[in-house]
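To start, the structure itself, in C-alpha coordinates.
The values are calculated or read from the model by the stated rules, or taken from the named source; none is laboratory data. What you see is a predicted model, and the numbers here were worked out from it, not measured in a lab. We place every Cβ from the backbone using ideal geometry, glycine too, and count neighbours over all the protein chains shown. The area values use the complete protein model at the heavy-atom level, side chains included, leaving out ligands, DNA and RNA. Shrake-Rupley method; radii C 1.70, N 1.55, O 1.52, S 1.80 Å.
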Amino acid sequence: MADYAALVQPDRVHSAVFTSEDIYKDELEKIFYRYWVYVAHESEIPRPGDYCTKWIGEKQLIVSRAADGSIGIFFNRCRHRGAAVCMDEYGNANFFRCPYHGWTYNSAGDLVGVPYPSRYGEGFDKSTLGLARVPRVDTSAGFIFASMAPDGPPLAEHLGKAAGFLADFVKASPLGTVSLSAGTSKSAFWGNWKFVGMDGYHTNFTHKTVLDLRQRKAGASYNRGAGNSDKSANESWDLGNGHCRLDLTGRDKVAIGAASNTSIAAGIPDNADGHEYMRLMSEAYGDGAHEVIRRSRDVHIHVWPNLQLIGSQVRVIRPLAAGHTEVMSYPAMLDGVPDSINTERIRSFEWFSGVASFGTPDDTEVFERNQIGLRADYIPWLVLARGLTVAPQEDGSTVGNVTDEVPQRAQMKAWLRSMTSPEVS
Ligand code: FES
Ligand SMILES: [Fe+2]
(Lines give C-alpha, C1' and ligand atoms only; values in the text may rest on other atoms or scores of the structure.)
(Ligands and ions follow the chains in the order given, each with its own letter.)
Protein backbone atom coordinates (compact mmCIF):
# COMPACT_ATOMS: atom_id res chain seq x y z
CA MET A 1 0.00 0.00 0.00
CA ALA A 2 1.34 3.39 -0.97
CA ASP A 3 2.16 5.84 1.80
CA TYR A 4 -0.56 8.30 0.85
CA ALA A 5 0.37 10.90 3.44
CA ALA A 6 3.84 11.10 1.88
CA LEU A 7 2.35 11.51 -1.62
CA VAL A 8 -0.01 14.36 -0.71
CA GLN A 9 1.64 17.21 1.12
CA PRO A 10 0.25 20.68 1.85
CA ASP A 11 1.96 22.34 -1.11
CA ARG A 12 2.68 19.46 -3.49
CA VAL A 13 1.41 16.15 -4.81
CA HIS A 14 3.30 13.17 -6.17
CA SER A 15 2.58 12.20 -9.79
CA ALA A 16 1.85 8.60 -8.76
CA VAL A 17 -1.48 9.87 -7.43
CA PHE A 18 -2.44 10.39 -11.09
CA THR A 19 -0.48 7.65 -12.86
CA SER A 20 -0.47 4.54 -10.64
CA GLU A 21 -2.92 1.80 -11.62
CA ASP A 22 -2.71 0.39 -8.08
CA ILE A 23 -3.76 3.74 -6.66
CA TYR A 24 -6.57 3.98 -9.21
CA LYS A 25 -7.90 0.58 -8.08
CA ASP A 26 -7.65 1.65 -4.45
CA GLU A 27 -9.50 4.89 -5.28
CA LEU A 28 -12.40 2.84 -6.65
CA GLU A 29 -12.63 0.90 -3.39
CA LYS A 30 -11.98 3.74 -0.97
CA ILE A 31 -13.82 6.58 -2.71
CA PHE A 32 -16.21 5.42 -5.43
CA TYR A 33 -17.40 2.20 -3.79
CA ARG A 34 -17.82 3.79 -0.34
CA TYR A 35 -18.64 7.48 -0.31
CA TRP A 36 -21.64 9.32 -1.71
CA VAL A 37 -21.28 9.49 -5.48
CA TYR A 38 -23.58 11.21 -7.98
CA VAL A 39 -25.37 8.64 -10.15
CA ALA A 40 -28.30 10.13 -12.09
CA HIS A 41 -30.91 12.84 -12.13
CA GLU A 42 -34.55 12.30 -11.18
CA SER A 43 -35.66 13.73 -14.53
CA GLU A 44 -34.00 10.78 -16.32
CA ILE A 45 -36.59 8.42 -14.77
CA PRO A 46 -39.73 10.55 -14.28
CA ARG A 47 -42.47 7.86 -14.51
CA PRO A 48 -43.02 4.51 -12.75
CA GLY A 49 -41.19 1.80 -14.70
CA ASP A 50 -38.61 4.26 -16.08
CA TYR A 51 -35.03 3.13 -15.76
CA CYS A 52 -31.56 4.09 -16.88
CA THR A 53 -28.20 2.38 -16.64
CA LYS A 54 -25.27 4.21 -15.09
CA TRP A 55 -21.85 3.39 -13.73
CA ILE A 56 -19.97 3.90 -10.54
CA GLY A 57 -16.39 3.10 -11.47
CA GLU A 58 -16.42 -0.35 -13.09
CA LYS A 59 -19.77 -1.42 -11.64
CA GLN A 60 -22.82 -0.96 -13.83
CA LEU A 61 -26.06 0.03 -12.11
CA ILE A 62 -29.75 0.16 -12.96
CA VAL A 63 -31.49 3.25 -11.63
CA SER A 64 -35.17 2.36 -11.55
CA ARG A 65 -38.41 4.01 -10.55
CA ALA A 66 -40.72 1.41 -9.05
CA ALA A 67 -44.51 1.33 -9.37
CA ASP A 68 -44.86 3.23 -6.08
CA GLY A 69 -42.64 6.04 -7.41
CA SER A 70 -39.64 5.19 -5.21
CA ILE A 71 -36.14 5.16 -6.68
CA GLY A 72 -33.98 2.05 -6.36
CA ILE A 73 -30.44 1.54 -7.57
CA PHE A 74 -29.45 -2.04 -8.34
CA PHE A 75 -26.26 -3.70 -9.45
CA ASN A 76 -26.79 -4.79 -13.06
CA ARG A 77 -26.09 -8.43 -12.40
CA CYS A 78 -28.46 -11.37 -12.55
CA ARG A 79 -28.55 -13.30 -9.30
CA HIS A 80 -28.41 -16.58 -11.24
CA ARG A 81 -25.07 -16.65 -13.00
CA GLY A 82 -24.34 -12.98 -13.15
CA ALA A 83 -25.25 -11.69 -16.63
CA ALA A 84 -26.15 -8.01 -16.92
CA VAL A 85 -29.95 -8.01 -17.08
CA CYS A 86 -30.37 -4.58 -18.70
CA MET A 87 -28.30 -3.13 -21.52
CA ASP A 88 -30.37 -0.07 -22.49
CA GLU A 89 -29.26 3.41 -21.52
CA TYR A 90 -32.87 4.46 -20.96
CA GLY A 91 -36.22 2.74 -21.09
CA ASN A 92 -39.54 1.96 -19.48
CA ALA A 93 -40.59 -1.57 -18.59
CA ASN A 94 -42.44 -3.55 -15.98
CA PHE A 95 -39.74 -6.22 -15.91
CA PHE A 96 -36.06 -6.83 -16.51
CA ARG A 97 -35.60 -10.25 -18.10
CA CYS A 98 -32.13 -11.73 -18.07
CA PRO A 99 -31.08 -12.66 -21.62
CA TYR A 100 -29.22 -15.78 -20.46
CA HIS A 101 -31.83 -18.09 -18.84
CA GLY A 102 -34.81 -15.81 -18.51
CA TRP A 103 -34.91 -14.96 -14.82
CA THR A 104 -37.21 -11.95 -14.47
CA TYR A 105 -37.14 -9.06 -12.01
CA ASN A 106 -39.68 -6.30 -11.45
CA SER A 107 -38.78 -2.61 -11.31
CA ALA A 108 -38.37 -2.87 -7.54
CA GLY A 109 -35.64 -5.47 -8.17
CA ASP A 110 -37.63 -8.48 -6.87
CA LEU A 111 -37.11 -11.81 -8.60
CA VAL A 112 -40.61 -12.57 -9.90
CA GLY A 113 -40.04 -15.29 -12.49
CA VAL A 114 -37.74 -18.32 -12.91
CA PRO A 115 -38.23 -20.59 -15.95
CA TYR A 116 -38.87 -24.29 -15.20
CA PRO A 117 -38.66 -23.88 -11.42
CA SER A 118 -39.44 -27.52 -10.63
CA ARG A 119 -35.79 -28.46 -11.04
CA TYR A 120 -34.78 -26.28 -8.11
CA GLY A 121 -35.05 -27.96 -4.72
CA GLU A 122 -37.44 -27.10 -1.95
CA GLY A 123 -35.15 -24.61 -0.27
CA PHE A 124 -35.07 -22.40 -3.34
CA ASP A 125 -36.42 -19.03 -2.18
CA LYS A 126 -37.03 -16.40 -4.86
CA SER A 127 -37.53 -13.74 -2.21
CA THR A 128 -33.82 -13.88 -1.33
CA LEU A 129 -32.67 -13.55 -4.94
CA GLY A 130 -33.70 -10.04 -5.93
CA LEU A 131 -31.23 -7.76 -7.69
CA ALA A 132 -28.60 -6.55 -5.22
CA ARG A 133 -29.48 -3.07 -4.08
CA VAL A 134 -27.02 -0.22 -3.54
CA PRO A 135 -27.62 0.22 0.18
CA ARG A 136 -27.93 3.99 0.41
CA VAL A 137 -29.70 6.25 -2.09
CA ASP A 138 -30.71 9.85 -1.48
CA THR A 139 -31.42 12.96 -3.50
CA SER A 140 -30.66 16.65 -3.29
CA ALA A 141 -32.47 19.12 -5.57
CA GLY A 142 -33.32 16.22 -7.92
CA PHE A 143 -29.73 14.92 -8.10
CA ILE A 144 -29.58 11.22 -7.12
CA PHE A 145 -26.58 10.07 -5.11
CA ALA A 146 -25.64 6.58 -3.92
CA SER A 147 -23.27 5.14 -1.37
CA MET A 148 -22.20 1.50 -1.38
CA ALA A 149 -21.36 1.72 2.33
CA PRO A 150 -24.36 0.59 4.42
CA ASP A 151 -23.46 3.08 7.14
CA GLY A 152 -21.90 6.50 7.17
CA PRO A 153 -22.82 10.15 7.29
CA PRO A 154 -26.07 11.05 5.51
CA LEU A 155 -25.98 12.74 2.10
CA ALA A 156 -26.83 16.16 3.54
CA GLU A 157 -23.80 15.98 5.80
CA HIS A 158 -21.55 14.90 2.93
CA LEU A 159 -22.79 17.72 0.71
CA GLY A 160 -22.57 20.34 3.45
CA LYS A 161 -22.24 23.80 1.92
CA ALA A 162 -22.43 22.35 -1.62
CA ALA A 163 -26.15 21.59 -1.17
CA GLY A 164 -27.06 25.28 -1.39
CA PHE A 165 -25.48 25.51 -4.83
CA LEU A 166 -27.40 22.47 -6.10
CA ALA A 167 -30.57 24.22 -4.93
CA ASP A 168 -29.49 27.49 -6.61
CA PHE A 169 -28.80 25.67 -9.87
CA VAL A 170 -32.36 24.35 -10.29
CA LYS A 171 -34.01 27.61 -9.31
CA ALA A 172 -33.42 29.06 -12.77
CA SER A 173 -36.69 27.22 -13.40
CA PRO A 174 -39.86 28.86 -12.04
CA LEU A 175 -40.90 25.34 -10.99
CA GLY A 176 -37.56 24.81 -9.25
CA THR A 177 -36.76 21.73 -11.33
CA VAL A 178 -34.54 20.95 -14.30
CA SER A 179 -34.56 18.08 -16.79
CA LEU A 180 -31.60 16.34 -18.39
CA SER A 181 -33.77 15.75 -21.43
CA ALA A 182 -31.74 17.39 -24.21
CA GLY A 183 -29.28 14.55 -24.74
CA THR A 184 -25.77 13.78 -23.58
CA SER A 185 -22.42 14.94 -24.79
CA LYS A 186 -20.19 11.89 -24.24
CA SER A 187 -16.44 11.98 -24.24
CA ALA A 188 -13.35 10.32 -22.85
CA PHE A 189 -9.76 11.41 -22.59
CA TRP A 190 -6.42 9.77 -21.89
CA GLY A 191 -5.75 11.33 -18.53
CA ASN A 192 -6.57 11.02 -14.85
CA TRP A 193 -10.09 11.77 -13.58
CA LYS A 194 -8.83 14.22 -10.95
CA PHE A 195 -7.71 16.65 -13.66
CA VAL A 196 -11.38 17.57 -14.13
CA GLY A 197 -11.49 20.06 -11.29
CA MET A 198 -12.13 23.74 -10.72
CA ASP A 199 -9.17 25.67 -12.07
CA GLY A 200 -9.27 29.44 -12.44
CA TYR A 201 -5.58 29.66 -13.31
CA HIS A 202 -5.68 27.99 -16.73
CA THR A 203 -8.33 30.08 -18.45
CA ASN A 204 -6.16 32.72 -20.09
CA PHE A 205 -3.86 30.07 -21.53
CA THR A 206 -5.84 26.91 -22.27
CA HIS A 207 -8.86 28.92 -23.47
CA LYS A 208 -7.03 31.45 -25.64
CA THR A 209 -9.37 30.59 -28.53
CA VAL A 210 -12.40 31.48 -26.44
CA LEU A 211 -10.86 34.75 -25.34
CA ASP A 212 -9.95 35.59 -28.94
CA LEU A 213 -13.56 35.03 -29.98
CA ARG A 214 -14.94 37.09 -27.13
CA GLN A 215 -12.53 39.88 -27.89
CA ARG A 216 -13.63 39.87 -31.51
CA LYS A 217 -17.28 40.12 -30.41
CA ALA A 218 -16.79 42.77 -27.74
CA GLY A 219 -14.20 44.93 -29.49
CA ALA A 220 -11.71 47.28 -27.88
CA SER A 221 -13.67 47.66 -24.64
CA TYR A 222 -12.92 44.04 -23.70
CA ASN A 223 -10.48 43.86 -20.84
CA ARG A 224 -9.13 40.54 -21.92
CA GLY A 225 -8.34 38.04 -19.22
CA ALA A 226 -8.55 40.42 -16.25
CA GLY A 227 -11.14 38.19 -14.59
CA ASN A 228 -8.73 35.28 -14.65
CA SER A 229 -5.65 36.99 -13.25
CA ASP A 230 -4.18 37.65 -9.83
CA LYS A 231 -5.73 41.15 -10.01
CA SER A 232 -9.23 39.75 -10.33
CA ALA A 233 -12.00 40.02 -7.77
CA ASN A 234 -13.05 36.50 -8.78
CA GLU A 235 -12.48 33.83 -6.17
CA SER A 236 -11.73 30.15 -5.64
CA TRP A 237 -13.46 28.39 -2.73
CA ASP A 238 -12.84 25.30 -0.63
CA LEU A 239 -16.31 24.38 0.69
CA GLY A 240 -15.15 21.38 2.72
CA ASN A 241 -15.39 17.59 2.05
CA GLY A 242 -13.61 18.07 -1.30
CA HIS A 243 -16.35 20.30 -2.73
CA CYS A 244 -15.05 23.49 -4.29
CA ARG A 245 -16.20 26.30 -6.52
CA LEU A 246 -15.17 29.31 -8.47
CA ASP A 247 -16.98 32.57 -7.80
CA LEU A 248 -16.82 34.47 -11.07
CA THR A 249 -19.21 37.23 -10.04
CA GLY A 250 -16.27 39.52 -9.32
CA ARG A 251 -16.00 40.04 -13.06
CA ASP A 252 -18.68 42.68 -12.74
CA LYS A 253 -16.37 44.68 -10.51
CA VAL A 254 -13.46 44.64 -12.92
CA ALA A 255 -15.45 45.58 -16.04
CA ILE A 256 -14.14 42.93 -18.37
CA GLY A 257 -17.03 43.36 -20.77
CA ALA A 258 -20.52 41.94 -21.08
CA ALA A 259 -19.41 39.22 -23.49
CA SER A 260 -17.62 37.51 -20.61
CA ASN A 261 -20.93 36.07 -19.48
CA THR A 262 -21.62 34.05 -22.59
CA SER A 263 -19.87 30.87 -21.56
CA ILE A 264 -21.50 30.39 -18.21
CA ALA A 265 -25.11 31.17 -18.85
CA ALA A 266 -27.77 31.72 -21.40
CA GLY A 267 -28.81 35.35 -21.31
CA ILE A 268 -32.44 36.38 -21.01
CA PRO A 269 -33.50 37.59 -24.44
CA ASP A 270 -35.29 40.90 -24.81
CA ASN A 271 -38.27 39.41 -26.64
CA ALA A 272 -41.70 37.95 -25.87
CA ASP A 273 -40.26 34.67 -24.52
CA GLY A 274 -37.70 36.49 -22.40
CA HIS A 275 -40.41 38.69 -20.92
CA GLU A 276 -42.63 35.68 -20.29
CA TYR A 277 -39.73 33.93 -18.54
CA MET A 278 -39.21 36.93 -16.28
CA ARG A 279 -42.94 37.07 -15.55
CA LEU A 280 -42.93 33.37 -14.55
CA MET A 281 -39.83 33.86 -12.41
CA SER A 282 -41.34 36.90 -10.67
CA GLU A 283 -44.50 34.90 -10.01
CA ALA A 284 -42.42 32.12 -8.48
CA TYR A 285 -39.80 34.11 -6.57
CA GLY A 286 -41.30 37.60 -6.17
CA ASP A 287 -38.93 40.55 -5.97
CA GLY A 288 -36.00 38.18 -5.59
CA ALA A 289 -36.35 36.76 -9.13
CA HIS A 290 -33.34 38.62 -10.58
CA GLU A 291 -31.16 37.51 -7.69
CA VAL A 292 -32.37 33.91 -8.06
CA ILE A 293 -31.43 33.99 -11.75
CA ARG A 294 -28.04 35.54 -11.04
CA ARG A 295 -27.23 32.96 -8.37
CA SER A 296 -28.26 30.09 -10.63
CA ARG A 297 -26.27 31.48 -13.56
CA ASP A 298 -23.19 31.80 -11.40
CA VAL A 299 -23.11 28.24 -10.05
CA HIS A 300 -19.66 26.90 -10.84
CA ILE A 301 -19.10 24.02 -8.47
CA HIS A 302 -17.42 20.64 -8.17
CA VAL A 303 -19.28 18.24 -5.89
CA TRP A 304 -16.64 15.74 -4.79
CA PRO A 305 -15.87 13.34 -6.26
CA ASN A 306 -17.66 13.19 -9.61
CA LEU A 307 -20.23 15.94 -10.28
CA GLN A 308 -19.84 19.44 -11.65
CA LEU A 309 -22.51 22.08 -12.20
CA ILE A 310 -21.37 24.94 -14.40
CA GLY A 311 -23.90 27.51 -15.61
CA SER A 312 -26.39 25.40 -17.56
CA GLN A 313 -24.22 22.28 -17.62
CA VAL A 314 -24.22 19.10 -15.55
CA ARG A 315 -20.94 17.22 -15.93
CA VAL A 316 -20.25 13.74 -14.58
CA ILE A 317 -16.77 12.27 -14.26
CA ARG A 318 -15.99 8.54 -14.27
CA PRO A 319 -12.53 7.04 -13.89
CA LEU A 320 -11.83 4.18 -16.33
CA ALA A 321 -8.14 3.69 -15.49
CA ALA A 322 -5.37 5.80 -13.95
CA GLY A 323 -4.91 7.50 -17.32
CA HIS A 324 -8.39 7.20 -18.85
CA THR A 325 -11.55 9.11 -17.92
CA GLU A 326 -15.10 9.33 -19.23
CA VAL A 327 -16.98 12.61 -19.03
CA MET A 328 -20.74 12.80 -19.61
CA SER A 329 -22.19 16.30 -19.99
CA TYR A 330 -25.83 17.29 -20.06
CA PRO A 331 -27.35 20.69 -20.75
CA ALA A 332 -29.92 21.12 -17.97
CA MET A 333 -33.29 22.19 -19.36
CA LEU A 334 -35.47 24.44 -17.22
CA ASP A 335 -38.92 23.06 -16.52
CA GLY A 336 -41.89 25.36 -17.13
CA VAL A 337 -40.26 27.97 -19.38
CA PRO A 338 -40.79 28.98 -23.04
CA ASP A 339 -38.92 26.65 -25.43
CA SER A 340 -36.60 29.32 -26.77
CA ILE A 341 -35.13 29.88 -23.28
CA ASN A 342 -34.00 26.27 -23.26
CA THR A 343 -32.83 26.43 -26.87
CA GLU A 344 -30.57 29.29 -25.82
CA ARG A 345 -29.19 27.16 -22.97
CA ILE A 346 -28.39 24.39 -25.45
CA ARG A 347 -26.61 26.90 -27.74
CA SER A 348 -24.61 28.17 -24.76
CA PHE A 349 -23.71 24.58 -23.83
CA GLU A 350 -22.65 23.83 -27.40
CA TRP A 351 -20.52 26.95 -27.48
CA PHE A 352 -18.25 26.07 -24.57
CA SER A 353 -19.09 22.67 -23.08
CA GLY A 354 -19.97 20.16 -25.81
CA VAL A 355 -17.41 17.75 -27.23
CA ALA A 356 -17.10 19.89 -30.38
CA SER A 357 -17.27 23.26 -28.66
CA PHE A 358 -14.72 26.05 -28.30
CA GLY A 359 -13.96 25.23 -24.64
CA THR A 360 -13.97 21.58 -23.62
CA PRO A 361 -11.70 20.20 -26.38
CA ASP A 362 -8.93 22.54 -25.23
CA ASP A 363 -9.33 21.29 -21.65
CA THR A 364 -9.20 17.70 -22.87
CA GLU A 365 -6.04 18.36 -24.88
CA VAL A 366 -4.37 19.83 -21.82
CA PHE A 367 -5.44 16.91 -19.61
CA GLU A 368 -3.84 14.49 -22.07
CA ARG A 369 -0.64 16.54 -22.13
CA ASN A 370 -0.76 16.55 -18.34
CA GLN A 371 -0.82 12.74 -18.28
CA ILE A 372 2.07 12.55 -20.76
CA GLY A 373 4.08 14.97 -18.65
CA LEU A 374 3.42 13.16 -15.39
CA ARG A 375 4.81 9.91 -16.77
CA ALA A 376 8.18 11.66 -17.22
CA ASP A 377 8.59 11.53 -13.47
CA TYR A 378 12.32 12.05 -12.96
CA ILE A 379 11.25 14.79 -10.54
CA PRO A 380 7.81 13.50 -9.57
CA TRP A 381 6.22 16.44 -7.76
CA LEU A 382 3.40 18.76 -8.87
CA VAL A 383 3.38 22.17 -7.18
CA LEU A 384 0.07 23.18 -5.58
CA ALA A 385 1.36 26.19 -3.62
CA ARG A 386 -0.57 29.11 -5.17
CA GLY A 387 -2.32 31.04 -2.40
CA LEU A 388 -1.17 28.57 0.23
CA THR A 389 -1.22 31.21 2.95
CA VAL A 390 -4.94 32.07 2.73
CA ALA A 391 -6.56 31.16 6.03
CA PRO A 392 -9.92 29.46 6.49
CA GLN A 393 -12.89 31.69 7.29
CA GLU A 394 -15.06 31.37 10.37
CA ASP A 395 -17.51 29.00 8.63
CA GLY A 396 -14.66 26.71 7.59
CA SER A 397 -14.56 27.78 3.91
CA THR A 398 -11.25 28.85 2.45
CA VAL A 399 -11.46 31.60 -0.14
CA GLY A 400 -8.59 32.61 -2.39
CA ASN A 401 -7.98 34.56 -5.56
CA VAL A 402 -9.52 32.81 -8.57
CA THR A 403 -6.07 31.71 -9.74
CA ASP A 404 -5.14 30.15 -6.40
CA GLU A 405 -4.84 26.40 -6.05
CA VAL A 406 -7.45 26.41 -3.27
CA PRO A 407 -9.73 23.91 -5.13
CA GLN A 408 -6.85 21.56 -5.96
CA ARG A 409 -5.73 21.47 -2.34
CA ALA A 410 -9.36 21.04 -1.18
CA GLN A 411 -9.72 17.97 -3.37
CA MET A 412 -6.40 16.44 -2.40
CA LYS A 413 -7.28 16.93 1.27
CA ALA A 414 -10.57 15.03 0.77
CA TRP A 415 -8.76 12.44 -1.33
CA LEU A 416 -6.17 11.82 1.38
CA ARG A 417 -8.84 11.53 4.06
CA SER A 418 -10.81 8.96 2.04
CA MET A 419 -7.75 6.96 1.08
CA THR A 420 -6.45 6.71 4.63
CA SER A 421 -9.54 6.47 6.81
CA PRO A 422 -10.70 2.95 7.66
CA GLU A 423 -14.34 4.08 7.98
CA VAL A 424 -16.56 6.32 5.88
CA SER A 425 -16.17 9.56 7.80
S1 FES B 1 -27.52 -15.59 -15.71
FE2 FES B 1 -29.43 -14.60 -15.61
S3 FES B 1 -30.87 -16.16 -15.86
FE4 FES B 1 -28.99 -17.19 -15.88
FE1 LIG C 1 -11.10 24.85 -18.98
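Determine the dipole magnitude for the stretch 340-425: charges of +1 sit on the beta-carbon of Lys and Arg, -1 on that of Asp and Glu, nothing else is charged, the reference point is the Cα centre, and the result goes in debye to the nearest 20. Could the numbers behind the result be given before it?
On the way: 8 positive and 12 negative charges, 28 e Å.
Using only the charged Cβ atoms, the result is roughly 140 debye.
When only alpha-carbon atoms are used, what values of Rg and Dmax, in angstrom, describe the stretch 315-425?
18.6, 57
Taking the stretch 321-425, which GluC sites (Glu not before Pro) meet the DSSP loop condition and have no more than 12 other C-beta atoms within 10 Å? Each step should come with its number before you reach the end.
Details: sites: E326, E344, E350, E365, E368, E394, E405, E423; in loops: E394, E405, E423.
Sites meeting the loop and neighbour criteria: E394, E423.
Output wanted: per-residue J couplings in Hz (rounded whole) for the stretch 387-396, from phi through Karplus 6.51 cos²θ - 1.76 cosθ + 1.60, θ = phi - 60°, x for Gly and Pro.
Those phi angles translate into x, 4, 7, 5, 8, x, 7, 4, 7, x Hz.
Gap in Å between the Cα centre of the stretch 108-139 and the Cα centre of the stretch 286-326?
Result: 37 Å between the Cα centres.
Let me know the whole percent of all Cα-Cα pairs from the stretch 46-140 that are separated by more than 23 Å. Walk me through the numbers on the way to the answer.
On the way: 945 of 4465 pairs.
When every Cα pair of the stretch 46-140 is considered, 21 percent fall beyond 23 Å.
On full extension of the chain, what length is gained from D230 through E89, given 0.36 nm per residue of separation minus the C-alpha to C-alpha distance? Show your work: numbers first, answer last.
Values: separation 141, 0.36 × 141 = 50.76 nm, distance 4.40 nm.
Gain on stretching D230 to E89: 46.4 nm.
Counting each pair of different Cα atoms once, what's the Kirkwood radius of the stretch 1-53 in Å, rounded to one decimal? Kindly include the intermediate steps, with their values, before the conclusion.
Numbers: mean 1/r = 0.0713 Å⁻¹.
About 14.0 Å, per the Kirkwood formula over Cα pairs.
In the chain, once you exclude exposed chymotrypsin sites (Phe, Trp or Tyr not before Pro) (DSSP loop, at most 13 other Cβ within 10 angstrom), what's the longest stretch remaining? Write out the running numbers ahead of the final one.
Values: sites that count: Y100, Y120, F124, Y378.
For chymotrypsin sites (Phe, Trp or Tyr not before Pro) (loop position, at most 13 other Cβ atoms within 10 Å), the longest site-free span of the chain is 125-377.
Lysine pairs in the chain with Cα distance under 24 Å, only those 8 or more apart or on different chains: how many are there?
So the count of such lysine pairs works out to 28.
List the cysteines of the chain that have no other Cys Cβ closer than 4.7 Å: which are they?
For the chain, the answer is C52, C86, C244, because their Cβ atoms have no other cysteine Cβ under 4.7 Å.
What span do the alpha-carbon atoms of the chain cover on each of the three principal axes, reported in whole Å from largest to smallest?
81, 61, 40
In nm, what is the difference between 0.36 nm times the number of residues separating R12 and T420 and their Cα-Cα distance? Walk me through the numbers on the way to the answer.
Details: separation 408, 0.36 × 408 = 146.88 nm, distance 1.77 nm.
Full-extension gain reported as 145.1 nm.
How big is D for the stretch 376-425, in µm² s⁻¹ as a whole number, if Stokes-Einstein is applied with the Kirkwood radius of its Cα pairs at 25 °C and 0.890 mPa s? Intermediate values should be presented prior to the final figure.
On the way: Rh = 12.8 Å.
It comes out at roughly 192 µm²/s.
Provide the solvent-accessible area of L334, counting protein heavy atoms only and rolling a 1.4 Å probe, rounded to the nearest 10 Å².
Only protein atoms counted, so the area is about 10 Å².
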